[in-house]
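This report concerns only the one structure given below.
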Amino acid sequence: MEQMTVSEKIWQMILVERGSIFDPLDIAKYSIWAVLNGSGDNPFLNTSSGWLEMVNNMQAYAQRSRLRIPLLYGVDTTHWHTNVHGATVFPHSIWLWATRDADLVRRIGKATAEEMVATNIFWWYSPNLDIAIDPRWGRFYESFGSDPNLVWELGQAYIGWFQSNLSNGARAMATAKHYLGNGSMVWGSSSQSNYFIDKWWSFISEKELREVHLVPFKKAVDAKVWSVMIGLNSWKWVKVSANKYLITDLLKKELWFDGIVISDWYWAYEIEWNGYKSLIKAINAGIDMVMLPYDYKSFSANMETAVKKWDVSMERIDDAVRRILTKKIELWLFKKNLIPKKDFQIFWSTEHRNIAREAVRKSLVLLKNNDNLLPLSKETKKIIISGSAANNLGKQSWGWTIEWQGVDWNKFPGTTILSGIRNIVSKNTDIEFSELWDFWSSEIADVGIAIVWEDPYAEWVWDKRMLVLSNQDLAAIQKTKSSCRRLVVIIISGRPINIRNQEKDWWAIIAAWLPWSEWQGVADVIFWDYPFTGQLPVKWDLK
Ligand code: BGC
């Protein structure tokens, strides 16, 4: 730190969005030392090798800067390494909670870390330790649930892997997010028409904030998590990213957190209308690294002005830089060969796919099973299958997969529910499939399976008042029912869906949540190679 100029110190505090670096020479010229890519902002060649090449190039530019401090590249794994086409995709956190299996989550963490390290990335923005309370919130499914101790149990399993020594000697940094009280925001607290709950307020007491929402973060700090991301919410009218009491007094001083505090997407600028004043508030509240100076040159100019005007003290900047450099040292970024060899066989490897398939299997919850219709026999004579999600990997994989809001196609590797069922039944079973069940079929099937879904979404885009199935899916269910003796409905969703008025004549109902790429796991359970063991992570009333 003694060798650093004020300007170089300020550049340590910048987390630049990849897409806003138009000239890679800027990395060397200005010493850009931390980069992230938002979900969906992927390299032109979105493959593991495309990613490795992109990160390696950036590291090479960082090595051309005056002090040759290595670059810290961060990426979202809210949903594992799923920006990369060809990565193994595991179920979202809420449904891992349905498995109640911390060892499984530990193995998922390890598999994710291995795939990330293969792309030369050592910092990821997970686990999400929000306590999810209101299912209408579009981020409900990103959390491990609403019980603080269980959220922590699974979060800990995950952090353990990220920060331990990986098999190839690498270390990686987890991020506990979103500090603090993000799951306590109230519906309708927004004044903007397209935000109903996300990014808004909560008014809970400090007692509740500490006894519920702080619990997993306190435990994460005790377990030495290396970075914490501040949420986009406000508590008692003050944005958490501007709350010195919560960040400096509580997190850093009372809990002794000695890692890096980062702000969330552009939020350091949205505390006040005036960007400069906003930034000063965030840094003085205790934020060490600001996510998204899109315009990194003006960030640095603003910060230099703030130092000159004593709006921010050098002591505060030194504290932030010391925290950031310490983690870069502990990550061994100064020691590693920053341009590793290509080593991609780990991506979507049989080992990782088997873990994902196990996770799908264990997260399925049997909501209803009249006359023990399930499990089905592999010798069933005729099965009809309908529903828009039956044969669509994108729909079953959801938000944060390749694109922020998810994709709607089958172009990445995986098995769909339809192919999973086709793989498992006997040669003599006749399987008929139609997405909307819109063709005429004279023969009544023994069993009909309708696979319906909630539209994929991420974040505030789908804060939704009514959690119901679409008319199209309800029509597909009705038509399927009229062509079979007994009907199974599989629901893919990020939260409980209200089916109270429709479910009476459905024989069996399975909550399949967001099963990701390894749908073979669904067929494994329906046809009883494995039992149903998943338990509801949240209340789901049928009556
Ligand atoms: C989300 C964070 C995420 C960040 C970077 C934000 O919109 O709130 O959870 O880590 O984007 O992608």
So, in segment 24-39, exactly how many residues are buried (at least 19 other Cβ atoms within 10 Å of the Cβ), farther than 12 Å from residue 68 by Cα and either within 12 Å of the ligand (Cβ to nearest atom) or β-branched (Val, Ile, Thr) (or both)? 4
Verdict on residue 263 being within 16 Å of the ligand (Cβ to nearest atom), hydroxyl-bearing (Ser, Thr, Tyr) and in contact (Cβ under 8 Å) with a residue 40 or more places away in the chain: no
What are the pairs with Cβ atoms under 7 angstrom where one residue, in segment 431-460, is closer than 28 Å to residue 404 by Cβ and the other, located anywhere, is among the aromatic types (Phe, Trp, Tyr) and part of a loop (DSSP other than H, G, I, E, B)? Sequence gap at least six, or different chains. 456/398; 458/400; 458/404; 460/195
I'm trying to understand the selection: among the residues of segment 132-141, which are surrounded by fewer than 24 Cβ atoms within 10 Å (Cβ to Cβ) and within 16 Å of the ligand (Cβ to nearest atom)? 138
Residue 60 fails exactly one of (1) modelled with pLDDT under 95; (2) within 16 Å of the ligand (Cβ to nearest atom); (3) small (Gly, Ala, Ser), namely (2)
Out of 347, 334, 412, I need the residue that is closer than 30 Å to residue 286 by Cα, of a type in the set (A, V, I, L, M, F, W, C) and in contact (Cβ under 8 Å) with a residue 40 or more places away in the chain. Which one? 334
Kindly establish whether residue 389 is out of contact with any Gly (no Cβ under 8 Å at 6 or more places or on another chain), crowded, with 21+ Cβ neighbours inside 10 Å, under 22 Å from residue 481 (Cβ atoms) and modelled with pLDDT under 90. yes
Those residues that are in a helix (DSSP H, G or I), away from the ligand (no atom under 16 Å from the Cβ) and surrounded by 16 or more Cβ atoms within 10 Å (Cβ to Cβ), I need them from segment 214-243; list them, please. 215, 218, 219, 221, 242
In segment 266-284, residue surrounded by the most Cβ atoms within 10 Å (Cβ to Cβ) [restricted to those that are within 16 Å of the ligand (Cβ to nearest atom) and outside any loop (DSSP other than H, G, I, E, B)]: 268
Filter segment 173-210 down to the residues that are among the charged types (D, E, K, R) and closer than 30 Å to residue 466 by Cα and list them by number. 177, 198, 199, 208
Which residues, taken from segment 142-159, are of a type in the set (Asp, Glu) and either in contact with a Cys (Cβ under 7 Å, 6 or more places away or on another chain) or surrounded by fewer than 21 Cβ atoms within 10 Å (Cβ to Cβ) (or both)? 147, 153
Before we move on, is residue 534 within 28 Å of the chain's Cα centre (by Cα), of a type outside the set (Asp, Glu), surrounded by 23 or more Cβ atoms within 10 Å (Cβ to Cβ) and modelled with pLDDT under 95? no
Considering residues of segment 285-313 that are within 16 Å of the ligand (Cβ to nearest atom) and aliphatic (A, V, I, L, M) only, the residue surrounded by the most Cβ atoms within 10 Å (Cβ to Cβ): 287
Considering only residues that are of a type outside the set (D, E, K, R), part of a strand (DSSP E or B) and at pLDDT 95 or above, which ones fall in segment 176-207? 176, 178, 179
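The values are calculated or read from the model by the stated rules, or taken from the named source; none is laboratory data. Everything numeric in this text was worked out from a predicted model, so none of it was measured. Cβ coordinates were reconstructed from backbone atoms using ideal geometry, including for glycine residues, and neighbour counts include every protein chain displayed.
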